[in-house]
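*Asks:* Okay, handing you the structure first.
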Amino acid sequence: MQLLDYFYDRNNELNDFHQRKFTILESNRVLIYGSPHSGKSSLVLDYLMSYASEEILYIDFLDPKFQFRDMMQEDIEGFIQANSIKCVVLDHYIHEYFETLPLVKKLIIVSDRLYDYGEEFDYLEVPLLDYEEFFSFQKRGSESQIFNYFLRQGTLPLLATQSIPKEHLFQLFIHSHFSISEQKLLAILAHFNTSVVTTHQLYSYAKERYKISKDLIYRQIKEFKAKNIITFISNYDNPNNKKLIFFDFALAKYLALTQNFPKQFDTMVALSLIKHNIPIKAFYLMGYITDKKYLVIPAPFENEEIVWQKAHKRFLSYKKAHIQKVYIVTVTLQYSFKIEDILFEALPFYEWVVINDED
């Protein structure tokens with residue numbers, strides 16, 4: 001009971017919170033999931049402001065006091081009743097810690113990964129920031145200035161508002177969320193970001209650099225996929241060829257020397273499509289094809305003449321794939337042209353992202 005008293009009396013107030021694109025669902029049971037450091041806990045703590053403090057029991061399973069103490073199911077049930085608690089939050093919840101989940105008017109579970117708790121639960125995925133959210137967090141600056149800041153900082157919510165060096169925050173984030181073995185794997189995944197690669201190739205590369213078993217690295221990669229730390233995008237022509245996308249382009253650059261600007265920009269475009277829930281496949285090495293047959297090509301600095309020449313060379317492959325329109329995503333350039341019935345439109349990234357919800 002001492003552990004429950006501690007959590008019941010804990011101060012859960014937020015010093016600062018920036019509104020995200022989504023809010024917590026009003027259903028009685030909710031699972032909130034998403035990659036580490038995506039802002040899940042802050043979203044919940046902001047939501048709890050609508051309750052009186054004595055109506056809340058917020059339990060954080062990453063709290064160090066759990067190292068030597070357990071929480072019994074019958075204790076938490078009795079505590080809820082004795083204190084007339086209306087809302088229980090199980091943050092960083094360890095799946096199946098309780099045989100049955102606590103009975104309470106409102107139960108919120110927060111996890112890095114999606115678990116199936118049945119139809120009685122509603123599910124809310126919290127991704128890292130997209131550009132529109134990052135932009136809304138900024139208090140000053142022109143469109144181009146904020147875009148350049150986004151390039152430097154990346155998509156972790158904390159970095160959108162903090163002025164301390166991002167390298168320091170990256171270091172804290174990595175060491176607080178990943179084991180030593182996982183940290184080494186993160187560096188390898190960042191090295192292969194935007195590459196077509198198999199799990200076996202990742203293992204082969206890893207075992208040449210540090211001691212790791214095949215079973216462990218396969219299990220870690222599966223876990224990272226479940227937490228959306230990495231995404232594998234199937235190729236349009238050959239589904240067995242899959243392109244690896246790391247969950248944050250700035251962190252990938254911090255972890256690996258191979259992450260030049262074109263790869264960062266490619267990642268930005270891919271993550272924007274993923275975060276807008278647009279189904280995509282990799283279109284060879286050119287870009288991404290959507291389910292509506294729109295082709296999105298990251299081309300940060302290529303001018304109209306170069307793109308026009310490439311478009312003519314690749315036009316037969318576009319026709320074969322029934323491409324309806326081609327978006328060329330740039331840093332600042334804007335132009336358009338047409339080849340037969342296909343429109344090619346180049347837009348700066350910060351203008352292109354606005355139309356993602358429509359496309």
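FYI, it's all coordinate maths here, none of it is from the lab. Computed from a predicted model, the values in this text were never measured in an experiment. Note that we place each Cβ from the backbone using ideal geometry, even for glycine, and neighbour counts take in every protein chain shown.
*Asks:* Expected output is a single nm value to one decimal: the length gained when fully extending between Leu257 and Leu62, i.e. 0.36 nm times separation in residues minus the C-alpha distance. What is it?
*Replies:* Residue separation times 0.36 nm, minus the Cα-Cα distance, leaves 67.0 nm.
*Asks:* In nm, give the distance between the simple-model label positions of Tyr6 and Gln145, each being 7 Å from the Cα along the Cα-to-Cβ direction.
*Replies:* For Tyr6 paired with Gln145, the spin-label model returns 4.6 nm.
*Asks:* Now a separate question. What is segment 168-323's relative contact order, in percent, from Cα pairs under 8 angstrom and six or more apart in sequence?
*Replies:* Contact order relative to length: 20 percent.
*Asks:* In percent, what relative contact order does segment 2-125 have, based on Cα pairs under 8 Å that are 6 or more apart in sequence?
*Replies:* Working: 164 pairs, mean separation 48.1, N = 124.
Here the relative contact order equals 39 percent.
*Asks:* While we're here: What is the ratio of the Cα radius of gyration of segment 2-125 to 2.2 N^0.38 Å, with N the residue count, to two decimals?
*Replies:* 1.00
*Asks:* How about segment 7-67: which trypsin sites (Lys or Arg not before Pro) there lie in a loop by DSSP and see at most 15 other Cβ atoms within 10 Å?
*Replies:* Numbers: sites: Arg10, Arg20, Lys21, Arg29, Lys40, Lys65; in loops: Arg10, Arg20, Lys21.
Within segment 7-67, the qualifying trypsin sites (Lys or Arg not before Pro) (loop, at most 15 other Cβ atoms within 10 Å) are Arg10, Lys21.
*Asks:* Say the cut-off is 24 Å between C-alpha atoms; which of Lys184/Lys243; Lys184/Lys214; Lys106/Lys225; Lys40/Lys275; Lys21/Lys222 go over it? Please list the in-between numbers first.
*Replies:* On the way: Lys184/Lys243 20 Å; Lys184/Lys214 14 Å; Lys106/Lys225 29 Å; Lys40/Lys275 16 Å; Lys21/Lys222 28 Å.
Violating the 24 Å limit, Cα to Cα: Lys106/Lys225; Lys21/Lys222.
*Asks:* Once the Cα atoms of helix 180-191 and of the chain are each reduced to a long axis, what angle between those two axes, in degrees from 0 to 90 to the nearest 10, is obtained?
*Replies:* So the helix axis and the longest Cα principal axis differ by about 20 degrees.
*Asks:* If you restrict to DSSP beta bridges whose two residues both lie in segment 307-359, what percentage is antiparallel, to the nearest 5?
*Replies:* Within segment 307-359, antiparallel bridges account for around 45 percent of the total.
*Asks:* Shifting gears a bit: Cα atoms only: what Rg and Dmax, in Å, come out for segment 266-359?
*Replies:* Values for segment 266-359 (Cα only, Rg and Dmax): 12.1, 32 Å.
*Asks:* For labels at Phe232 and Arg69 in the simple 7 Å Cα→Cβ model, what's the distance in nm?
*Replies:* Here the answer is 4.3 nm between the modelled labels.
*Asks:* OK, next. Find how much the distance from Glu223 to Lys313 grows on full extension, using 0.36 nm per residue of separation minus their present alpha carbon separation; answer in nm with one decimal.
*Replies:* Here the segment from Glu223 to Lys313 would lengthen by 28.3 nm.
*Asks:* Can I ask one more? Check each of the chymotrypsin sites (Phe, Trp or Tyr not before Pro) in segment 151-225 and keep only those in coil by DSSP with at most 10 other C-beta atoms within 10 angstrom; list them in order.
*Replies:* In loop regions of segment 151-225 (DSSP not H, G, I, E or B), there are no sparsely surrounded chymotrypsin sites (Phe, Trp or Tyr not before Pro).
*Asks:* Just the number, please: percent antiparallel of the DSSP beta bridges in segment 270-359, rounded to the nearest 5.
*Replies:* So the antiparallel bridges amount to about 50 percent of the total.
*Asks:* Using bins 10 angstrom wide from zero, how does P(r) for the chain break down, in % of all Cα pairs?
*Replies:* 5, 22, 28, 24, 15, 5, 2, 0
*Asks:* Once you have the Cα-Cα distance between Thr100 and Asn240, take 0.36 nm times their residue separation minus that, and quote the gain in nm to one decimal.
*Replies:* The Thr100-Asn240 span can extend by a further 46.4 nm.
*Asks:* Another question about this same structure. How long is segment 145-220 along each principal axis, judged by its Cα atoms, biggest number first, in Å?
*Replies:* 43, 27, 18
*Asks:* Take Lys86 and Glu54, extend 7 Å from each Cα along the Cα→Cβ direction, and tell me the distance between the two endpoints in nm.
*Replies:* It is 1.3 nm.
*Asks:* Given Lys293/Lys313; Lys292/Lys319; Lys263/Lys292, which pairs have Cα atoms separated by over 21 Å? Mind dumping the intermediate values first?
*Replies:* Working: Lys293/Lys313 19 Å; Lys292/Lys319 14 Å; Lys263/Lys292 25 Å.
Pairs exceeding 21 Å: Lys263/Lys292.
*Asks:* Separate question: Find the relative contact order for the chain and round it to a whole percent, using C-alpha pairs within less than 8 Å whose residues are 6+ positions apart. It would help to have the intermediate numbers written out before the result.
*Replies:* Details: 523 pairs, mean separation 46.2, N = 359.
Rounded, it is 13 percent for the chain.
*Asks:* Now for a separate question. Filter the chymotrypsin sites (Phe, Trp or Tyr not before Pro) in segment 87-133 to those in DSSP coil with at most 15 other Cβ atoms within 10 Å of their Cβ, and list the result.
*Replies:* Loop-located and lightly packed - Tyr97, Phe98, Tyr115.
*Asks:* Follow-up question, since we're still on this one. What share of the DSSP beta bridges in the chain is antiparallel, in percent to the nearest 5?
*Replies:* 35
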